[in-house]
Amino acid sequence: NEAISTAQRNLQLSRDYGFTYFVCVSLNTLGWICHDLSSIELAMKYNNDAIEFARAHRDSRPGGAVPSSLLNLAMDYLYKNDYENAEKYFKEVINAYDQHRVGWWRIQTRLLLGRGEISFAKGDYTQALKFAEDSLAISRKADAKKIHHKRFEAKI
């Protein structure tokens with residue numbers, strides 16, 4: 001509740017003062033929080049709002065809300081077992097980040113994890129394991145122990 005309240009307050013302040021980048025970040029953060037709370041439809045709404053707002057204000061930089069919210073949407077679709085739409089959004093994120101690598105390791109670990117889950121669901125265990133190993137290698141290299149993938153490891 002505190003995280004939601006803080007993000008909503010930040011969203012309102014950002015709107016009031018015209019900080020468009022932080023409007024996008026706040027919407028993106030609310031989408032992420034709602035996903036973690038399994039409120040997927042609300043998460044998708046916040047992520048779509050972030051993308052729409054960012055594009056309307058021409059904020060499509062790699063570290064901006066568009067790639068992050070696309071990735072969040074992919075994870076939302078993955079949560080719903082809609083692998084086709086999840087993969088579609090994963091590919092959009094890859095295309096956005098092919099040109100710029102700002103914060104790539106954080107994005108890449110989630111991409112690999114999500115694509116591993118899709119491979120696992122489709123019965124391609126070899127590919128799923130490869131995605132998982134690659135994601136874990138990046139996390140270890142970045143010393144990001146929190147990112148060591150509970151969700152995926154539980155499925156293996």
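The values are calculated or read from the model by the stated rules, or taken from the named source; none is laboratory data. As the structure is a computational prediction, the values presented were derived from the model and not from experiment. As a convention, Cβ positions derive from the backbone with ideal geometry for all residues, glycine included, and neighbour counts pool all protein chains shown. Ligands, DNA and RNA are excluded from the accessible area calculation, which covers all protein heavy atoms including side chains. Shrake-Rupley method; radii C 1.70, N 1.55, O 1.52, S 1.80 Å.
Is it true that ILE40 is of a type in the set (A, V, I, L, M, F, W, C), under 24 Å from GLY114 (Cα atoms) and open to solvent by less than 60 Å² (accessible area, probe 1.4 Å)?
On the way: of a type in the set (A, V, I, L, M, F, W, C): yes; under 24 Å from GLY114 (Cα atoms): yes; open to solvent by less than 60 Å² (accessible area, probe 1.4 Å): yes.
Judged against the criteria, ILE40 is a match.
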### Query
In the stretch 110-120, is there at least one residue being open to solvent by 50 Å² or more (accessible area, probe 1.4 Å) and either farther than 25 Å from ALA54 by Cα or at pLDDT 90 or above (or both)?
yes
### Query
Between residues in the stretch 122-143 that are farther than 14 Å from ARG110 by Cα and touching a residue at least 12 places away in the same chain (Cβ under 8 Å) and residues that are of a type in the set (D, E, K, R) and open to solvent by 50 Å² or more (accessible area, probe 1.4 Å), which pairs lie under 6 Å by C-beta distance while being six or more apart or on different chains?
none
### Query
Taking into account only those residues within the stretch 124-145 that are modelled with pLDDT under 85 and not in a helix (DSSP H, G or I), which is most open to solvent (accessible area, probe 1.4 Å)?
ASP143
### Task
For the stretch 58-81, state whether one or more residues are over 30 Å from GLN8 (Cβ atoms) and at pLDDT 95 or above.
no
